[in-house]
1. List the residues whose amide H sits under 5 Å from the amide H of Ile294, counting only those 5 or more places along or on another chain, with H placed 1.01 Å from N in the peptide plane.
2. Taking H as built 1.01 Å from N, whose amide H comes closer than 5 Å to the amide H of Glu85, not counting residues under 5 places away?
3. Can you work out the Karplus-derived ³J(HN,Hα) for every residue in region 227-232? Use 6.51 cos²θ - 1.76 cosθ + 1.60 with θ = phi - 60°, whole Hz, and x for glycine or proline.
4. Where nothing but the Cβ of Lys and Arg (+1) and of Asp and Glu (-1) is charged, how large is the charge dipole of the chain around its Cα centre, in debye to the nearest 20?
5. From the phi of every residue in region 215-220, what ³J(HN,Hα) in whole Hz does the Karplus formula 6.51 cos²θ - 1.76 cosθ + 1.60 yield, where θ is phi - 60° and glycine or proline is x?
6. Using the Karplus curve 6.51 cos²θ - 1.76 cosθ + 1.60 with θ = phi - 60°, what ³J(HN,Hα) values do you get for each residue of region 89-106, in whole Hz, with x for Gly and Pro?
7. Can you give me the P(r) profile for the chain? Cα pairs, bins 20 angstrom wide beginning at 0, each as a whole percent.
8. Within 14 Å, Cβ to Cβ, of Ala300, how many net charges do the neighbouring residues add up to if Lys/Arg are +1 and Asp/Glu are -1?
Amino acid sequence: MPERDSLEVDVLFVGGGPASLAGAIRLGQLAKAGGRELSIMVIEKGGEIGNHGFSGAVVDPKSLLELFPGEDITAGLDAPVSGDEMWFLTASGKIKAPFTPPVLNNHGKYVASLNRLTKWLGEKAEAAGADVFPAFPGQELLWDGDRVIGVRVGDKGVAADGSHKPNYEPGPDLLARVVVLGEGPRGTLAKTAIAKLGLDRDRDPQVYAVGIKELWQVPAGRLAPGHVIHTLGAPLPGDTFGGGWIYGMNGDVIDIGLVTGLDYADPTTDPHNLFQQMKLLPAIRPLLEGGKMIRYGAKAIPEGGLHAMPRLYADGLCLIGDSAGFLNGLRLKGIHLAIKSGMLAADAIFDALAADRSDAAALAAYEQKFRASWAFTELHAARNFHAGFKSGLFGGMLNAALGTLTGGRGFGLHDKLTGHEGYARMRKLDSFTPAAREKRVTPDNALTFDKVTDVYNSGTMHDENQPAHLHVADTTICADRCTTEFGNPCQYFCPAAVYEPLFEKTAAGVEGRLQINFANCVHCKTCDIMDPYQIITWVPPQGGEGPVYTGM
Ligand code: SF4
């Protein structure tokens, strides 16, 4: 066994996104105001803070204003929202909504690059006294019985065959009085802790969507900075949850993306291909034509809402941000909630440590503070938003509209459990005729691109001589069952061409293998979520790798 360094801190935040950084900043502020010494550490798997920051994004500045009272918070944001539109897209054009629904009114909000906002928060966290370590992936939780006592950081320099390369460095064990998991959607450590401790008992299963996005440099004046357009309808089939966004950013950049619910039925659904279809629509094409695609990325989004949030605390542990489902699908916003969750956790942790405690009973104050906050009120009002789409787009829209009039009750779906994770809604291949399946776009490399070209534009890098970070528990299922039953949907749902099923039907059965091009992976987590047999586990690769989402 390698000798590992071990380091002790008071509070360890895993994942350097807005939730963790806001938590670290708040703890630093509290420690300073209270004249107490606290060691606060943030670790992040990306090579730099912000590299893996991916979102739309229109940011509600509410929680930033709370975190930095009296300070100018616009340095972390892009342009104030200057206009709001809602379009219903069709194959031949668009129907513009005569008004924007009140919940989507973005007056007073800002378009932003999460990459830049996160970098700015990272600097603020360091200024508040936190130690921030990029290229430190949280690989494994350290336990004392059912109590979390720390995190093991992933090793560097392990070759594909498991041997140690000359640059081998064992990851240190970071021991903490409280570990706070803010790893983003479907966090690796959060998934382990939720399962081991049953933190999702009596809650709805979390359901996700995947957002696919490109940044486009366009001719001057194409879309005003701060202009916000949200779309429904084409190219998504009526029974698939989701919608699109088009935001005008500073510098004549258009931020365009499509959200596809990861609870679709057709196993050949390909969110990347749907996004290419979106750009070809007559309402969208003129916005981008003559421009140049400059960045690409993809990321899962927790859409389940309040009913799908796990218990937020355990002995030595808090869950924050997307890892805990802090996202309002109705408002298409999560960053303000992520920041608020980090702040609320920090408040509870500060009080607990002051009483020399970090047990679950003391950290339960985090959930109590959440329930007493505007974040709970907001999520409660949106609690049935996603469930309403079980009956399709129009049922979902009607339920959302009804929900705004009934305090979130909608069709009366209030406390009903949905019972199924998104992957369980996928139907077998023979339920669909070939004619009913999604039409594939042939990329023209001007407006539309294949997945490999898009991955190149995500800045993704992984050393190929390391163990694959996508673990497929039993590839015989891929060959013997999945090929026939679902047609290997991993080749479609992965937006980065990681999975290549090289299977062939022969007289002796199905032969071949599943090739995993893990170096392409943009860390979106879709495969971990949507695999119909739940045999794919995403784990962090060695630190400092993955996408580089500059400006995203
Ligand atoms: Fe996303 Fe999985 Fe593909 Fe990586 S391998 S890009 S996590 S779907």
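The values are calculated or read from the model by the stated rules, or taken from the named source; none is laboratory data. Please read these numbers as outputs of a predicted model, since none were measured by experiment. Backbone-built Cβ (ideal geometry, glycine too); neighbour counts: all protein chains shown. Note: areas computed on protein heavy atoms with side chains; ligands, DNA, RNA excluded. Shrake-Rupley method; radii C 1.70, N 1.55, O 1.52, S 1.80 Å.
1. Placed amide hydrogens put Leu215, Trp216, Gln217 under 5 Å from Ile294.
2. Val228, Ile229, His230
3. 7, 10, 10, 10, 10, 10
4. 1580 debye
5. Karplus values, whole Hz, x for Gly and Pro: 9, 10, 7, 10, x, 4.
6. Residue by residue, region 89-106 yields 8, 10, 5, 10, x, 8, 10, 8, 5, x, 8, 8, x, x, 5, 9, 6, 9 Hz.
7. All Cα pairs considered, the percentages come to 22, 58, 20, 0.
8. Numbers: positive: Arg186, Lys191, Lys213, Lys299, Lys525; negative: Glu183, Asp263, Glu303, Asp322, Glu421, Asp528, Asp531.
Taking every Cβ under 14 Å from that of Ala300, the sum is -2.
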